[in-house]
1. Looking only at residues in region B:136-164 that are part of a loop (DSSP other than H, G, I, E, B) and more than 9 Å from chain A (Cβ to nearest Cβ), which one is nearest to A:Y201 (Cα to Cα)?
2. Which residues, taken from region B:166-195, are charged (D, E, K, R) and outside any helix (DSSP H, G or I)?
3. Can we say A:R218 is in contact with a Lys or Arg (Cβ under 8 Å, 6 or more places away or on another chain) and at the interface with chain B (Cβ under 10 Å from one of its Cβ atoms)?
4. Right, B:V198: under 30 Å from A:G204 (Cα atoms), in contact (Cβ under 8 Å) with a residue 40 or more places away in the chain and outside any loop (DSSP other than H, G, I, E, B) or not?
5. What is the residue count in region A:1-27 for residues that are out of contact with any helix residue (DSSP H, G or I) (no Cβ under 8 Å at 6 or more places or on another chain) and of a type in the set (D, E, K, R)?
6. Can you pull out the residues in region B:160-215 that are surrounded by fewer than 17 Cβ atoms within 10 Å (Cβ to Cβ) and among the hydroxyl-bearing types (S, T, Y)?
7. Go through region B:40-103 and tell me which helices (runs of 4 or more DSSP H), entirely inside it, have 3 or more residues that are modelled with pLDDT of 95 or more and in contact with a Ser or Thr (Cβ under 7 Å, 6 or more places away or on another chain).
8. Are any of the residues in region A:1-10 more than 19 Å from A:L153 (Cβ to Cβ), surrounded by fewer than 24 Cβ atoms within 10 Å (Cβ to Cβ) and among the hydrophobic types (A, V, I, L, M, F, W, C)?
Amino acid sequence: MTARPKLAVWKFASCDGCQLTLLNCEDELVPLAGEIEIAYFPEATRAVVEGPYDVSLVEGSITTPADLERIHQVRAVSRRLITIGACATSGGIQALRNFADVAEFRSVVYAHPEYLETLDRSTPVAAHVTVDFELRGCPVDRHQLLELLSAELAGRRPRIPTYSVCVECKRRGAVCVMVAGGAPCLGPVTQAGCGALCPAYSRGCYGCFGPQDTPNTRSEADRLRALGRDEVEVLRMFRTFNAAAEPFRQESRRHEAARQHPGQEVAP
Amino acid sequence: MNHKLTDGGRVLRVGALARVEGEGAMHVAFDGADVADVQLRIYEPPRFYEAFLRGRAHTEPPDITARICGICPVAYQTSACWAVEDACGVGVPEPVRLMRRLLYCGEWIESHALHVFLLHAPDFLGYDGAIEMAADHADVVELGLRLKKAGNTLMEVVGGRSVHPVNVRVGGFYRFPSRTELGRLRPVLERALDDALVAVGLVSGFDFPDFEQPHEYLSLRADHGYPIEAGTEVVTSTGRSFPVSQFAQQIEETHVAHSNALHARLAGSDAPYVVGPLARYTLNSDRLSGVAREAARGAGLGERCRNPFRSIVVRAVEIVEACHEALAIIDGWADGSPPRVEVPPRAGEGYGASEAPRGTLFHRYVLDGAGIIQDAQIVPPTSQNQAAVEADLRTMAAAWSGLDDHALQHRCEQAIRSYDPCISCATHFLDLTVERS
């Protein structure tokens, strides 16, 4: 019997929800541990098997000087490095700091700034090291995570679509919440993977899987404006859990500029 | 890693605490046999929620603050909803409150099962983690995973998904699940209730170190039932009681050098206080349903429980309570009521609290007339407990000073895990040190 591949799970700035998704595979967890050696996963076990690791799952974004160094160490001990979730793939909700006026941020002063070490930007893992695959979502989808791990075990490419949520919605046979219901929905510009969850609950998609591969964000924004959203509301819709993903970042910048200089077209 | 000091002192550092949610470490310093210092270090990076909530719309806190914690997102969503609705002067109808309670029961079952079986039980049975434990105790791990899945299934039906549910909004829900959808949960929850009763029996047989916390306990208290999604007032074990709106005045938060989480104290007191299962149970055991009360009695719990190691038993009893409550809500559910009320914005300040699995979670928002957030304050359970955990570790470590470093490290780790710290939640925005990239 060949040795089981070694899996490591690493955490950076995050809510723990994506690695929890692995523990939420209740039916698959124990069989999975038979196929893969869970070699480093501090949230689940205090046992540590030394690296190098065949597959590293990385949750969270890079926000501190120490983490900036640590991600390089993780890369060095990982044969395959896979980022999981919006924080690791785009910088996450904490990337809202990237748009903040630092002076304004400082006005929310508490006690001792000297106790804290933090960077002025929250960045995705791929901004610092080579990433072999990025799994989207805030949080990642359990089925996609299992598909990804199965593909890793089989040495094949994972079947993770990059088309929009609209495709999943149509496939599900759901009535369009935007066309029929007038609800603001980011489904047309957001990557599939959730199974069109929000439309199934009678709400518009809020973009937690980040931009799809060919997002027409300007057309989407025009549609949102036509539905009665003002510039600031459109800006806020693009600026949430994947605010720093490039297409969403550019679109929110465009509305920020339009708000500051009404009537002028400003490059993002 | 341990460092011998040349003066005969000893410093124990436990880096990267395992089987806790988030990133923490512990520092214990001995001077001879005396404990010189104990620090629970929280180095989870700050994420600045309270800063970036400013300027957001009053409809956004449920989705945004859910991301503070992937393990208890419903707690954040619920406290946020109460606080925003309070600021806007809107009360929600009873079906909305009941659906919040139902969703919250799912989170209690999921989160408590995670802690009891995957994070805490391995300490008592002598394993590094649940996967290792499964080799010898497959039935125990299966029981835990089945319970955890029942909680997740409930959250998926009501909330759409278990991590960061999508169905919660200010004013209520996007849609109510139908009586038929809820009815399908019945067999799952009946089984879960049976499993939870087995779990109480199982964990009550563990071997618990003798230890009594001296601290003041704090919890919500409700007119009826065990406090879960809300309470009518905040009560403490020394007889304090105040409305949720007074929380910010009654609790003082301070920033200490070794932690990115704030320490909390009750106003006018230098002593730490405790929130969470032990506090909730001690202050509300009279409010438990018959089945949970009987399970608690069978497990040897009195009306109060002050031993943090036994919190695993209280958590199991709370799983029983949550399963019982969920079944009662499902059985009483009638289709047809509107899933939400409108919450038009207005200028004002609002407060909300609920009982997260790890204890009382408080939110406060100040809105302008258009509903834009001017100020936000979030007081999570783990930061409230941090001072008490350190105080307890100081006492425990003194008694354990004769142990070798390896044994001492393991004991201290186990002690910390019994508090179920959720470190992702507790890390707070304080201020920003800028490094230009």
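1. Top of the filtered list is B:H137.
2. Answer for region B:166-195, where residues must be charged (D, E, K, R) and outside any helix (DSSP H, G or I): B:R169, B:R175, B:R184.
3. no
4. Criteria not met by B:V198.
5. Number satisfying all stated conditions: 1.
6. If the condition is that a residue be surrounded by fewer than 17 Cβ atoms within 10 Å (Cβ to Cβ) and among the hydroxyl-bearing types (S, T, Y), then B:S178, B:T180 are the ones that fit.
7. Filter on region B:40-103 gives B:73-87.
8. no
The values are calculated or read from the model by the stated rules, or taken from the named source; none is laboratory data. This one's a predicted model, so the numbers in the text were calculated from it and none came from an experiment. Note that each Cβ is placed from the backbone with ideal geometry, even for glycine, and that neighbours are counted across all protein chains shown.
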